[in-house]
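Please read the structure below before turning to the comments.
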Amino acid sequence: AKDVPLLVNDSNDALLESTNKDNGVTPLMAATSAGDVDKVRCLLQAGCKVTTTCGPLHWGPFHLALSYQGAQISKEEDRWQKIRELILVLKEAPAEDVATALQAEGAEHTPFMVALQRGADKETLALLMSEPSTTSLQARDSELNSCLHIAVKKSVSLSSNLAGVQLLLEDPNLPDES
């Protein structure tokens, strides 16, 4: 992350939201995908936005954090720990921007839905549920699946689905779907 401050100053703010030609990834998205917490923090402090999306799925930095694979990480719990670190740093952005990014307008799934699909652990799901707004927990995909529908479907880990179901059922901010 030592090299990032040298690149970011008042004269090149346009670079912060510049995108590559292949898939529209910004520098913040690239650092998030790489799992580099220090660079993500530095780019956020310089003014990068968490609300920018890329690709046909319209994924933003929170989606990309949840997709982090960490080739050098062998234990699944260590991978989720790194993902939580990325999410915590991304949540240092202005609260309104974080709420917008987690609502993921235009994307098929919110970051919370992606977390459920990827078998996120209870701590990661709880972290995403502690957003400034619970609107993303009320979202539905194009097939009208709610977060609860996604949580009960088989994904990577049955135990994480159970954790997701339990957390969603405990949340007083979710609407009654009857």
Simple spin-label model, 7 Å along Cα-to-Cβ: E105 to E85 in nm?
-> 3.4 nm
Can you check what the net charge comes to around V114, using other residues whose Cβ is under 12 Å from the Cβ of V114 (Lys, Arg +1; Asp, Glu -1)?
-> -1
For the stretch 52-117, whose charge dipole is built from +1 on Lys and Arg Cβ atoms and -1 on Asp and Glu Cβ atoms, the candidate among A104, A65, T53 with its Cα farthest towards the positive end is A65
In this structure, the FRET efficiency calculated for E123 and E17 from their beta-carbon separation, with R0 = 30 Å, to the nearest 0.05, is 0.45
Taking a crude spin-label model, label points 7 Å out from Cα along the C-beta direction, the I73 to E143 distance in nm is 2.7 nm
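FYI, it's all coordinate maths here, none of it is from the lab. These numbers come from a predicted model, not from an experiment. Neighbour counts are summed over all protein chains in view; Cβ atoms, including those assigned to glycine, are modelled from backbone coordinates with ideal geometry.
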